[in-house]
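J.: My questions will all concern the structure given below.
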Amino acid sequence: DILSAYQSLLIVPIYPIFKNFCLTRASIVTMQKYMSKSTAQRASIGSSRQRLSTVRVKAAVNVEQLKALRQELFTYINSRGCNPIIVRLGWHDSGTYDKNIADWPARGGATASIRFKPEIDHDANKGLAIALGILRPIKSKYPDVSYADLFQMASAVAVEAAGGPKIPMQYGRKDATSPEQCVPDGRLPGAAHPFADGSANPAEHLRRVFGRMGLNDKEIVVLSGGHTLGRARPERSGFGAEKTKYTNVGPGKSSASPSGSPDRPVTPKPAGQLGTSWTVNWLEFDNSYFKEVKAKRDAELLVLPTDACLFEDDGFRPFAEKYAADQEAFFADYAQAHQKLSELGVEWEEGAPVTI
């Protein structure tokens, strides 16, 4: 353009090129005015474009909604005593990850594909439609938060609200968007022989399933400790009794909260088949799972083959013994493993991950 041409003239000798052309003072002043006007116009246009971009761009991760959601989830989950099933929902969404598949969301993991059929109807997910129903009303209040972030945040909050460790979570997960993006059945662990993957024993099965996710022996054992929360329900998993002395009237000695502390989960009222718990205070997150599995002291507490093998297998035993003896060590290792589990297979939004 004229401005560029004039600017190029200013940086080369004029006389050799334009020996038959003479620039007068008046012509130079005119061109300088034009250059100043053009520069101002360009600056104005650039500023307008910048303003328009600012208006159009929307943050991919709404940190304020994430903060508000996390705060509300503490009371929302504890008031319903639904901590165990909410933890299970998060685990079963992320636990489908296959490290051998590169493509997202085919590789599985924390994509929230579990909210669609047919995945929610997989045998391992029986009962989890209830968890989706519990979280549905709260999701509508925070529309900018992805389902994948909601499920993983709720799982972490459910642990912390029950007395467990604070998990260093990150957010900004993308959601699977259709039933066609559901993972195939069979990626989640079983509890007893015969195992769908053909494993000869529980330890082999756990290593196959969790190894496919990229988890090691230590992480397998420490995550198993999450069974300190909740019960096995025979109508869902096929394991456990209809009810026990620990599930018939709520966990432990308290009918309001397993620890008696006002900030702990409220025991849900008995309804239908109540199942068998791994621990006495099955709404309290602590290391009692490891103590009870090791002792096998009470027939009314559950010990599945995949639980027992933690103290029987040479690779698992050192970690199980450690966590039975040291709750602080269990909490520290659990927080790290839970965070890792919550990020398996994740595709992050632009600008993510973020912490709150």
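J.: Looking at (1) open to solvent by less than 40 Å² (accessible area, probe 1.4 Å); (2) without any contact (Cβ under 8 Å) to a residue 40 or more places away in the chain, can you tell me which one G163 breaks?
T.: Single failed check for G163: (2).
J.: Would you mind telling me which numbered condition in (1) open to solvent by 10 Å² or more (accessible area, probe 1.4 Å); (2) over 18 Å from N83 (Cα atoms); (3) in a loop (DSSP other than H, G, I, E, B) M169 fails?
T.: Evaluating M169 over (1) open to solvent by 10 Å² or more (accessible area, probe 1.4 Å); (2) over 18 Å from N83 (Cα atoms); (3) in a loop (DSSP other than H, G, I, E, B) leaves (2) as the failure.
J.: Could you pull out the residue among R115, R136, R187 that is surrounded by fewer than 24 Cβ atoms within 10 Å (Cβ to Cβ) and more than 19 Å from E72 (Cβ to Cβ)? So that I can check it myself, show each step before the final result.
T.: Values: R115 fails: surrounded by fewer than 24 Cβ atoms within 10 Å (Cβ to Cβ); R136 fails: more than 19 Å from E72 (Cβ to Cβ).
None of the other options fit; the residue is R187.
J.: Still on this model: Is it fair to say G109 is touching a Leu at 6+ places or on another chain (Cβ under 7 Å), on the phi > 0 side of the Ramachandran plot and not β-branched (V, I, T)?
T.: Working: touching a Leu at 6+ places or on another chain (Cβ under 7 Å): yes; on the phi > 0 side of the Ramachandran plot: yes; not β-branched (V, I, T): yes.
Here the answer is yes, as G109 does meet what is asked.
J.: When V61 is evaluated against the numbered criteria (1) open to solvent by less than 40 Å² (accessible area, probe 1.4 Å); (2) among the β-branched types (V, I, T); (3) modelled with pLDDT of 95 or more, which criterion, by number, is the only one it fails?
T.: Condition not satisfied by V61: (3).
J.: When L73 is evaluated against the numbered criteria (1) part of a loop (DSSP other than H, G, I, E, B); (2) within 28 Å of G163 (Cβ to Cβ); (3) open to solvent by less than 10 Å² (accessible area, probe 1.4 Å), which criterion, by number, is the only one it fails?
T.: (1)
J.: Still on this structure, please answer the following. How about the range 191-217: which of its residues are surrounded by fewer than 18 Cβ atoms within 10 Å (Cβ to Cβ), on the phi < 0 side of the Ramachandran plot and either not polar (S, T, N, Q) or not in a loop (DSSP other than H, G, I, E, B) (or both)?
T.: A191, A192, H193, P194, A196, D197, A200, E204, R208, G211
The values are calculated or read from the model by the stated rules, or taken from the named source; none is laboratory data. From a predicted model like this one, the values you see are computed outputs, not experimental measurements. FYI the Cβ positions are ideal-geometry reconstructions off the backbone, even for glycines, and counts take in every protein chain you see. These area figures cover heavy atoms from the full protein model, side chains too; ligands, DNA and RNA do not enter into them. Shrake-Rupley method; radii C 1.70, N 1.55, O 1.52, S 1.80 Å.
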